[in-house]
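The values are calculated or read from the model by the stated rules, or taken from the named source; none is laboratory data. Predicted model only: the values in this text are computed from it and were never measured. Positions of Cβ are generated from backbone atoms using ideal geometry, with glycine treated the same way; all protein chains shown enter the neighbour counts. Calculation scope for accessible area: heavy atoms of the full protein, side chains included, ligands and nucleic acids excluded. Shrake-Rupley method; radii C 1.70, N 1.55, O 1.52, S 1.80 Å.
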Amino acid sequence: MSATEPAVTPELAAAHGLKPDEYARILTLIGRTPSFTELGIFSAMWNEHCSYKSSRVHLRKLPTKAPWVIRGPGENAGVIDIGDGDACVFKMESHNHPSFIEPYQGAATGVGGILRDVFTMGARPIACLNLLRFGRPSHPKTRRLVAGVVAGVGGYGNSFGVPTVGGSTEFDASYDGNILVNAMAVGLARADSIFYSAAAGVGNPIVYLGSKTGRDGIHGATMASASFEEDAEEKRPTVQVGDPFSEKLLLEACLELMASGAVIAIQDMGAAGLTSSAVEMGAKGNLGIELDLDAVPCREEGMTAYEMMLSESQERMLMVLKPELEEQAEAIFKKWGLDFAIVGRTTDTLRFVVKHRGEVKADLPIKELGDEAPLYDRPWTQTPKQPALDSASLKSPLTNREALLKLLATPNLCSKRWVWEQYDHLILGNSVRPPGGDAAVVRVEEGPKGLALTTDVTARYCAADPYEGGKQAVAESWRNITVRGATPLALTDNLNFGNPERPEYMGQFVGCLEGIGEAARALDFPIVSGNVSLYNETQGAGILPTPAIGGVGLIADVAKAAQTGFVRDGDAILLIGETKGWLGQSAYAHDLCGRTDGAPPPVDLAAERRNGDFVRGLILSGRASAAHDLSDGGLAIALAEMALSGDMGAEIAALPSGPGHATLFGEDQARYLVTIPQGEDAEVVQEGAAAGVPILAIGRVGGDALILPGEAPILLTELRKAHEAPLPAFMAGDDNALSCAFSTQVS
């Protein structure tokens, strides 16, 4: 052991996030006390963020296969076949804790990391999305966090040159001390040219590519696997620093190198940096890895083996190359001005050996570090079921007109234009349907086919009933893609939960996964990639269970992708799906009535499939001019959003039976609004009845106001002011701009 390295003790192991039984397992596994560098390696590979030790047993239950799935979970990203020899490569990951500590760099490097996951597979990124969750607008840190995160997402994506085409931004008190920043990237590759991470061949060179290694990000993965306490600000040094321009060079160099035929395996240096990338490549390939850190390009003087192995400096890759093509590979990277260094070799020893300055700093069994890390089946308790609310008796003192305007101004339903207008969503020239609708649509190269992309989750549903909430998250993604006329193909997820060592939070995780799995199976919507982010809590208080769902669908001709807003005067407006007026866990109950109790709306997956297939048929046949799914805020909010998106009013002449406030603001699932040419409504209603799809003609498009039954007209200018003004005013410093959303609360 070097004189400069501290002695490894149980206390030092605990400071590295290792539990006493885990440290004891290490001692048994290697038969001695680990070196300081070895302790760091174990702490990185066995933390929750890298090993999935609390979640793997449940993740195995998710459906991951379908005829169009080329590669499911276990690689840098998932891969699906989209026809014509093309493949779509995509994944979502979290950068929650770093973004709370340093919002700009945390969010920026989150985007950079997920882009690398995609082009590591040999795909050129074509789109980014995100899912952001912040604390209460009244919290003193919220405005700064929103500003920093949005700037970081935009700063990296805009500079890298990939459009950010969609996302979801919401607020809740549970995120006050633990925001969520989930980033999703989508890329295109040839289906027969996908690159994987498993090393192959003995004696092949291991090559370090990209930017130099520094001291930024050390212990980043470990920090991401721990709860936040009052010392969160002191963890700022664990946040990486990104350089999108270097990453753009890395992208082009990697794709050129892949095309040369020199690459055997490739792995992004993400969480736990050089440690995780090297170990995962060796473990997956049933090979040993030997590294010589003297060859690692460093940007700081005197870096130790411990620091180099745990650094999470950005824009770096590790590859196994064909020996005969080393010189050609090096020439490509030198041309792009990037570091290229042979730092090791593959071996047949199944050992992970790290050398530095003539000393062996680590000599460990590679399989136990990688794919045989600890696995826990943690105790969990089921979330207690809540009774349904009596929608008829739950009523705000506001009129329906007032309630609609009030809800449009709430933090979670107000326009997020202020957010997405800071992102370049048009670069590359293939964004057919930009942010602001149900799903973005991006053309595949020259077309005509395209991809529909979305991210979403309703966390309050998941908190009230994890099983139904998990089902609903998948169903809403399916609907968002469907209303564009696309066929939903596959999912990625980012499972954000609290401390898995607390049975009630582990129960939320298990329940949500059961619901996600059931919905994915019923809708032929497999999960092909994803990320688990646990320990999202501060001082013992966990976030709302937030299993973010990212969906990808395919449309054969982007010219047929439906609009979200009203587009044609006189069109009939059809409400598709059954309306019962379910107000439990609705935005109406929560934001206008101050009620957080009650069961969320149940999800009938057969109805979801039946109704969605019918709607997609209307769109692709050309009969539907616009379509929008019903979710938060129910029918009234959906009508307002369609009116604002199309800048056209509507008169609603009929509502489903039941109390008006419940039918307007209830959040029953499997529902859509569709507009069709005047005079065709009766025929479509009849077709729906034959298919078992409830359809009600409720009104006509036209005018400059939205007119609800029994209410004074609401001018589009009133709707727009209520919807668009709150977030920009809040971000400009008006503390009351969003607080008005919660001012009317009655029991």
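Residues that are open to solvent by less than 10 Å² (accessible area, probe 1.4 Å), in a helix (DSSP H, G or I) and within 27 Å of Gly112 (Cβ to Cβ): does region 366-384 have at least one? Walk me through it before giving the result.
If we filter region 366-384 for residues that are open to solvent by less than 10 Å² (accessible area, probe 1.4 Å), which is where we start, we get 366, 369, 373-374.
Checking the rest, the ones that are also in a helix (DSSP H, G or I) come to 366, 369.
Add one more test, that the residue is within 27 Å of Gly112 (Cβ to Cβ), and what stays is 369.
Yes, region 366-384 has at least one match.
For Asp84, the criteria (1) surrounded by fewer than 21 Cβ atoms within 10 Å (Cβ to Cβ); (2) in contact with a His (Cβ under 7 Å, 6 or more places away or on another chain) hold in every case but one, which is (2). Taking first residues from region 720-733 that are closer than 12 Å to Thr410 by Cα and partners that are among the aromatic types (Phe, Trp, Tyr) and crowded, with 17+ Cβ neighbours inside 10 Å, the Cβ contacts under 7 Å between residues at least 6 apart in sequence or on separate chains come to Leu727/Trp418. Figure legend. Inter-residue proximity from region 97-122: first residues without any contact (Cβ under 8 Å) to a residue 60 or more places away in the chain and open to solvent by 10 Å² or more (accessible area, probe 1.4 Å), second residues among the aliphatic types (A, V, I, L, M) and assigned to a helix (DSSP H, G or I), beta-carbon distance below 7 Å, spacing 6+ or different chains. Indicated pairs: Tyr104/Ala151.
When residues in region 677-702 are screened for being open to solvent by 40 Å² or more (accessible area, probe 1.4 Å), more than 14 Å from Leu575 (Cβ to Cβ) and in contact with an Asp or Glu (Cβ under 7 Å, 6 or more places away or on another chain), 1 of them pass. Is at least one residue of region 587-594 charged (D, E, K, R) and over 28 Å from Gly485 (Cα atoms)? There is at least one residue in region 587-594 that is charged (D, E, K, R) and over 28 Å from Gly485 (Cα atoms).
Yes or no: Glu402 farther than 19 Å from Ser159 by Cα, surrounded by fewer than 18 Cβ atoms within 10 Å (Cβ to Cβ) and free of Cβ contacts under 8 Å to residues at least 60 places away in the same chain? Steps first, answer last, please.
Values: farther than 19 Å from Ser159 by Cα: yes; surrounded by fewer than 18 Cβ atoms within 10 Å (Cβ to Cβ): yes; free of Cβ contacts under 8 Å to residues at least 60 places away in the same chain: yes.
Yes; evaluated as a whole, the condition is true for this residue.
The set of residues in region 23-57 that are part of a helix (DSSP H, G or I) and out of contact with any helix residue (DSSP H, G or I) (no Cβ under 8 Å at 6 or more places or on another chain) comprises Ala24, Arg25, Leu27, Thr28, Glu48, Arg56, Val57.
Examine region 168-178 for a residue that is part of a strand (DSSP E or B), crowded, with 21+ Cβ neighbours inside 10 Å and of a type in the set (D, E, K, R), and state whether such a residue exists. Yes, because at least one residue in region 168-178 is part of a strand (DSSP E or B), crowded, with 21+ Cβ neighbours inside 10 Å and of a type in the set (D, E, K, R). Across region 123-161, the number of residues qualifying as touching a Leu at 6+ places or on another chain (Cβ under 7 Å) and open to solvent by 10 Å² or more (accessible area, probe 1.4 Å) comes to 3.
Residues of region 180-218 that are open to solvent by 40 Å² or more (accessible area, probe 1.4 Å) and assigned to a strand (DSSP E or B): Arg190 alone. In region 660-675, the residues that are on the phi > 0 side of the Ramachandran plot form Cβ pairs under 7 Å with partners that are surrounded by fewer than 24 Cβ atoms within 10 Å (Cβ to Cβ) and at pLDDT 95 or above, at six or more places apart or across chains, as follows: Ala670/Asp604; Ala670/Ala607. Checking the stated criteria, Arg623 turns out not to satisfy the condition of being touching a residue at least 12 places away in the same chain (Cβ under 8 Å), of a type in the set (Lys, Arg), part of a loop (DSSP other than H, G, I, E, B) and touching a Ser or Thr at 6+ places or on another chain (Cβ under 8 Å). Scanning region 539-580 for residues being touching a Phe, Trp or Tyr at 6+ places or on another chain (Cβ under 9 Å), assigned to a loop (DSSP other than H, G, I, E, B) and either under 21 Å from Leu132 (Cα atoms) or among the polar types (S, T, N, Q) (or both) gives a total of 4.
Scanning region 417-434 for residues that are under 23 Å from Thr482 (Cα atoms) and buried (at least 20 other Cβ atoms within 10 Å of the Cβ) yields a count of 5.
Is region 442-465 home to any residue that is closer than 30 Å to Ala640 by Cβ, part of a helix (DSSP H, G or I) and among the acidic types (Asp, Glu)? Give the steps one after another, and end with the answer.
Step one: list which residues in region 442-465 are closer than 30 Å to Ala640 by Cβ, which gives 442-443, 450-465.
This time we only want the ones that are part of a helix (DSSP H, G or I), so: 459-464.
Checking which are among the acidic types (Asp, Glu) leaves us with none.
The answer is no; no qualifying residue exists.
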